[in-house]
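The values are calculated or read from the model by the stated rules, or taken from the named source; none is laboratory data. Predicted, not measured: the structure shown is a model, and the values here were computed from it. Every residue, glycine among them, receives a Cβ derived from its backbone with ideal geometry; neighbour counts consider all protein chains shown.
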């Protein structure tokens with residue numbers, strides 16, 4: 001299960017008194033020359049056009065991830081590039097001149113004709129998948145908003161205009177559209193806020209091949225060369241997986257299929273996760289992923305939450321003027337500015353799936369590939385048709401509530417961390433003298449095999465070199 005909520009607040013400059021309680025005033029008319037047919041943007045769109053939009057959404061997400069660094073206090077970043085693209089695109093409908101150019105540039109939409117129409121067409125497309133998208137435009141009573149903005153928002157992004165009455169009503173809508181996962185989202189609404197653009201993206205998918213809950217057991221997740229945390233590790237001895245060893249990324253890339261034309265992409269680097277972001281291209285990776293192959297898989301079972309104000313990150317991306325003096329004259333003739341972009345998301349990985357995989361006891365020796373997600377990784381939940389990332393994230397610690405402990409193996413491994421170790425671990429390192437110069441765990445290039453013997457009880461027995469307790473991940477060349 002994954003969900004995201006995004007709130008974009010617009011306030012009226014110079015408003016110092018309590019706003020009117022009158023209904024929002026919609027002014028102006030829609031120019032009939034500005035219809036879909038005039039721009040050739042009516043009808044249906046091709047898979048190539050959808051994938052072009054998917055690529056733009058991906059670049060927005062990667063750029064945002066690069067500007068949201070992890071830290072010991074915030075070891076994981078989870079966001080919905082789709083949700084952010086929908087909110088910024090809707091704001092673009094009311095932007096003019098330099099502000100419109102900056103927004104289109106940040107959305108990577110300059111060279112994409114019919115951008116709003118194609119991006120908006122993805123919303124009904126998702127109704128045929130496991131993705132739900134809800135949008136709402138809250139208008140302060142008495143605020144004069146242009147009819148063209150309201151109608152374009154509704155036509156393109158299904159953003160229904162409603163009066164901004166109370167924080168309780170907003171919170172109730174949020175709780176409803178997130179199926180109760182986000183409650184009391186706002187503590188209050190400042191009186192100078194005249195417009196709130198909100199959207200929620202909810203995904204509850206089922207693996208095409210599920211993990212057996214009875215096999216889930218405790219395992220170690222290696223934060224860096226010295227520290228680890230215990231996690232519940234979902235396991236399968238025979239899992240169909242598309243797995244690629246990418247020498248340019250210096251990472252393994254695996255695709256786990258979900259029911260409903262979506263898939264879960266994992267990038268497991270041999271170095272820092274942050275070093276992968278500038279080189280990542282989802283469309284390219286999907287084109288190079290090999291056919292499915294049955295292998296042994298270990299995947300952490302996690303439930304992570306993330307809440308973040310995005311003003312600083314968006315300012316670093318060239319959108320600082322949104323928060324000072326933007327030209328939003330397509331929304332209203334009154335001076336407006338964006339006061340905040342708040343993002344909340346949750347990701348949960350569990351064993352649920354639509355197919356139970358029965359494993360028959362094998363008594364002969366066999367050799368299988370191993371893919372074990374036990375070190376920091378990047379993930380993307382991808383719509384298979386458009387290749388748009390619905391969710392993306394960086395996970396450097398799937399168990400942030402657990403105190404990191406010194407690694408239990410004598411050699412360490414090649415995993416590098418994007419965050420410093422905690423003070424408590426450093427103190428143990430210094431005082432105990434347990435971690436001197438550690439030799440990285442090395443594995444031969446090519447395919448990693450686990451020689452296993454299964455008896456009639458179905459239990460696996462592993463033979464091989466135990467000098468490195470953390471299995472290195474590799475794949476057939």
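Per the conditions (1) out of contact with any helix residue (DSSP H, G or I) (no Cβ under 7 Å at 6 or more places or on another chain); (2) surrounded by 21 or more Cβ atoms within 10 Å (Cβ to Cβ); (3) assigned to a loop (DSSP other than H, G, I, E, B), the sole criterion not satisfied by residue 113 is (2). Residues in the range 142-164 that are over 15 Å from residue 194 (Cα atoms) and more than 29 Å from the chain's Cα centre (by Cα): 147, 148, 151.
Among strands (runs of 3 or more DSSP E) lying entirely in the range 1-94, which contain 2 or more residues that are modelled with pLDDT of 60 or more and closer than 22 Å to residue 107 by Cα?
Working: elements: 2-12, 25-27, 76-79.
Filter on the range 1-94 gives 2-12, 76-79.
Just one of (1) closer than 21 Å to residue 2 by Cα; (2) surrounded by fewer than 22 Cβ atoms within 10 Å (Cβ to Cβ) fails for residue 200. It is (2). Among the residues that make up the range 308-324, is at least one of them in a loop (DSSP other than H, G, I, E, B) and under 30 Å from residue 203 (Cα atoms)? Among the residues of the range 308-324, at least one is in a loop (DSSP other than H, G, I, E, B) and under 30 Å from residue 203 (Cα atoms), which makes the answer yes.
Looking only at the range 203-218, residues that are part of a strand (DSSP E or B) and buried (at least 22 other Cβ atoms within 10 Å of the Cβ) come to 2 in all. When the range 261-282 is filtered for residues that are in a helix (DSSP H, G or I) and within 30 Å of residue 128 (Cβ to Cβ), only 282 remains. Among the residues making up the range 277-326, those that are buried (at least 17 other Cβ atoms within 10 Å of the Cβ), farther than 24 Å from residue 4 by Cα and in contact (Cβ under 8 Å) with a residue 60 or more places away in the chain are 286, 295, 296, 297, 298, 326. Among the residues making up the range 155-177, those that are in contact with a helix residue (DSSP H, G or I) (Cβ under 8 Å, 6 or more places away or on another chain) and assigned to a strand (DSSP E or B) are 160, 161.
Looking at the range 333-348, can you tell me whether even one residue there is crowded, with 16+ Cβ neighbours inside 10 Å and assigned to a loop (DSSP other than H, G, I, E, B)? No. Residue check: residue 152 meets all listed conditions (1) in contact with a helix residue (DSSP H, G or I) (Cβ under 9 Å, 6 or more places away or on another chain); (2) at pLDDT below 90; (3) surrounded by 15 or more Cβ atoms within 10 Å (Cβ to Cβ); (4) not in a strand (DSSP E or B) but one, namely (2).
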